[in-house]
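> Encoded as structure tokens, here's the structure I'll be asking about.
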Amino acid sequence: MATEHVDAGAADTRGVQHPDASSVSAKGYEDPAVLESVRDVLQASVTDIARRLPEVAVRSWVLGPGNVLQLAARAGEDRWLRKRANVPFVGYPLTVGSRVLGVIAAFSPTELSDEATALLSGVADRVVVALELHGIGRQINLQDRAIAASSNGIIISDPHQPDDPIIYASPGFERMTGYPSAEIIGRNCRFLQGDDRDQEGVSELRAAVAESRGCRVVLRNYRKDGSLFYNELTLSPVTDREGDLINFIGIQSDVTARELIQQERDELLQRVENALAVRDQFISIASHELRTPLTAIKAHAQFVERKLRRDGNLDAAARLQLIDRQATQMGALISDLLDVSQIESGHLTYAMHELDLGPLLDQVVEETRAAQPNFVVEWEREHGPFPVRADEVRIRQVATNLVSNAIKYSSSESRLRITLRRVGDQAELSVRDWGIGIPADQQSRIFNRYFRAGNATESGLSGPGLGLHISHTIIDAHGGRLWFESEVGAGSTFYFTLPIASS
Ligand SMILES: Cc1cc2nc3c(=O)[nH]c(=O)nc-3n(C[C@H](O)[C@H](O)[C@H](O)COP(=O)(O)O)c2cc1C
């Protein structure tokens, strides 16, 4: 290497920018442990040169973060250096594997002799061998290969330079974005956002960079060919031993496939939610509209029935009674549909107040006996009030539902038993029938919406399968429990509990 002249004043001992950054394909070496080993080897070498060439000042720099050369070792008298403008020097790059680690240089007050340059060159070679012996070359090569093989992109930026430019981009980043590293070194990474700057992730990044902290965001970024990809960026600050920020490292993963699936799922969910809202609205409107004519049909049927009965036309009166009963059933079905749609949309509301379950159930039993004179309705009720906080209409609805199911699914025996008792701090109602029972393999689905047990359908007993679903929801909302015991051919007992209200 020929002797060069430099302005020794520029050779700032606190570190200098590499004289020709573009000719150095190296990346600054950041691992402090490796840097420490490198410094030890270099110090021994420069001391050796200074001992053999007493007139020269010897220095060695290593490439630190951001391709900035940092002074790593020095030896020899160098006070004269500051006073001189043009100083003859000779320098050798320290290359380990494919990577330039630093430089070793000797400055001389006089022109350097050939022997001196030969000595320096030999020492530089020995330094490289020594570094390799320390395993640094192997370590660097391994790390380089690991980084090169990674499908993630790795970016290092230098926040001490204006606009936090990229100082290193890994091969993975080049593959992910299509930008060769030479095209992007020196630029801020925001160029990947194109015009798509109004992103939540970008604001979060801006804040993280300003506060020198890490963050993880997903960004819409654009490859060199303009195509969109979703970039999951993990940003981490790198600090020195004093905790001061040196660099930012960004690890990028292309999560486009994951994001697109998520978006598709969200869109689908939105479509389903819209369809359900339309359905609920339809049921709600249809129910209200159907109820109005039904009320008129019932009122007129009852009026005409009474008249026919008075006139002695019993056959026609019986037919009108049938119309009235069918209209009542239709009304119940409409109510159930409305209830279910309100449950689905979360709009089923409860008017809660304190009430006594005893008299409420007395009424239900009385009405059942009046409506079903052929049925034996056993009513066993413990003494004492059963105060609960409940929506009276809804609890009556549940009790009536359980009783009418018991009647509906009774087989030959026209009997049912209703009991009300206290169990701890709960009021417990049970309704027992001796009917067809529920097959064991279907019991777990009995409270599902629209579910009907196989033997109920086979027996020709119609129904939409909504009553138990609604009852279960109502009791749940009251903080109670609804359950049953059943055996095919032996009958079922349905129970519900409600917490006794503390007065
Ligand atoms: C190490 C590092 C890597 C970054 N990588 C990306 C990236 O891959 N994609 C991106 O859109 N922004 C990336 N950024 C963020 C931008 O450089 C910039 O900080 C962000 O757009 C917010 O700042 P601005 O409002 O000045 O643009 C990275 C930032 C740092 C420090």
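> Quick test of your reading of the structure: GLY358 fulfils all but one of (1) touching a Phe, Trp or Tyr at 6+ places or on another chain (Cβ under 8 Å); (2) not in a helix (DSSP H, G or I). Name the failing condition by number.
(2)
> Let me ask something else. Give all pairs with beta carbons closer than 6 Å in which a residue from region 241-265 that is in contact (Cβ under 8 Å) with a residue 24 or more places away in the chain meets a residue that is more than 16 Å from the ligand (Cβ to nearest atom); count only pairs at least 6 apart in sequence or on separate chains.
Between residues of region 241-265 that are in contact (Cβ under 8 Å) with a residue 24 or more places away in the chain and residues that are more than 16 Å from the ligand (Cβ to nearest atom), the close pairs are ILE246/ASP240.
> Any residue at all in region 276-287 that is surrounded by 10 or more Cβ atoms within 10 Å (Cβ to Cβ), assigned to a helix (DSSP H, G or I) and either of a type in the set (D, E, K, R) or near the ligand (Cβ under 9 Å from one of its atoms) (or both)?
For region 276-287, residues surrounded by 10 or more Cβ atoms within 10 Å (Cβ to Cβ), assigned to a helix (DSSP H, G or I) and either of a type in the set (D, E, K, R) or near the ligand (Cβ under 9 Å from one of its atoms) (or both): present.
> With the checklist (1) at negative phi; (2) more than 60 Å from the chain's Cα centre (by Cα); (3) among the small types (Gly, Ala, Ser) in hand, flag the one item ALA72 doesn't pass.
Tallying (1) at negative phi; (2) more than 60 Å from the chain's Cα centre (by Cα); (3) among the small types (Gly, Ala, Ser), ALA72 fails exactly one: (2).
> Here are some residues: VAL376, VAL393, VAL365. Which one is at pLDDT 95 or above, among the aliphatic types (A, V, I, L, M) and in the same structural domain as ARG432 (by TED's automatic domain parsing)?
VAL365
> How about region 103-122: which of its residues are crowded, with 23+ Cβ neighbours inside 10 Å and over 11 Å from PRO88 (Cα atoms)?
ILE104, LEU120
> Please count how many residues of region 353-362 are surrounded by 13 or more Cβ atoms within 10 Å (Cβ to Cβ) and out of contact with any strand residue (DSSP E or B) (no Cβ under 7 Å at 6 or more places or on another chain).
Of the residues in that region, 2 qualify.
> Can you pull out the residues in region 51-106 that are part of a helix (DSSP H, G or I), out of contact with any Asp or Glu (no Cβ under 9 Å at 6 or more places or on another chain) and at pLDDT below 80?
Across region 51-106, the qualifying residues are LEU81, ARG82, LYS83.
> Additional query: Among the listed residues GLY194, GLY201, GLY186, identify the single one that is surrounded by 18 or more Cβ atoms within 10 Å (Cβ to Cβ) and touching a strand residue (DSSP E or B) at 6+ places or on another chain (Cβ under 8 Å).
Residue meeting the stated conditions: GLY201.
> So which of VAL96, VAL128, VAL103 ends up being in the same structural domain as SER37 (by TED's automatic domain parsing) and without any contact (Cβ under 8 Å) to a residue 40 or more places away in the chain?
Only one candidate qualifies: VAL128.
> Among (1) loosely packed, with under 14 Cβ neighbours inside 10 Å; (2) away from the ligand (no atom under 12 Å from the Cβ); (3) not in a loop (DSSP other than H, G, I, E, B), there is one condition ILE147 misses while meeting the rest; what is its number?
Checking ILE147 against (1) loosely packed, with under 14 Cβ neighbours inside 10 Å; (2) away from the ligand (no atom under 12 Å from the Cβ); (3) not in a loop (DSSP other than H, G, I, E, B), the one that fails is (1).
> Right, here's the next one. Can you pull out every residue in region 402-433 that is closer than 10 Å to THR493 by Cβ and either basic (Lys, Arg) or not assigned by TED's automatic domain parsing to the domain that holds ILE446 (or both)?
Of everything in region 402-433, those that are closer than 10 Å to THR493 by Cβ and either basic (Lys, Arg) or not assigned by TED's automatic domain parsing to the domain that holds ILE446 (or both) turn out to be ARG417, ARG432.
> Taking region 318-358, which residues are among the hydrophobic types (A, V, I, L, M, F, W, C) and farther than 30 Å from PHE303 by Cβ?
VAL340, ILE343, LEU348, ALA351, MET352, LEU355, LEU357
The values are calculated or read from the model by the stated rules, or taken from the named source; none is laboratory data. Computed from a predicted structure; not experimentally measured. Quick reminder, even Gly has a Cβ in these numbers, built from the backbone with ideal geometry, and neighbours come from all protein chains shown.
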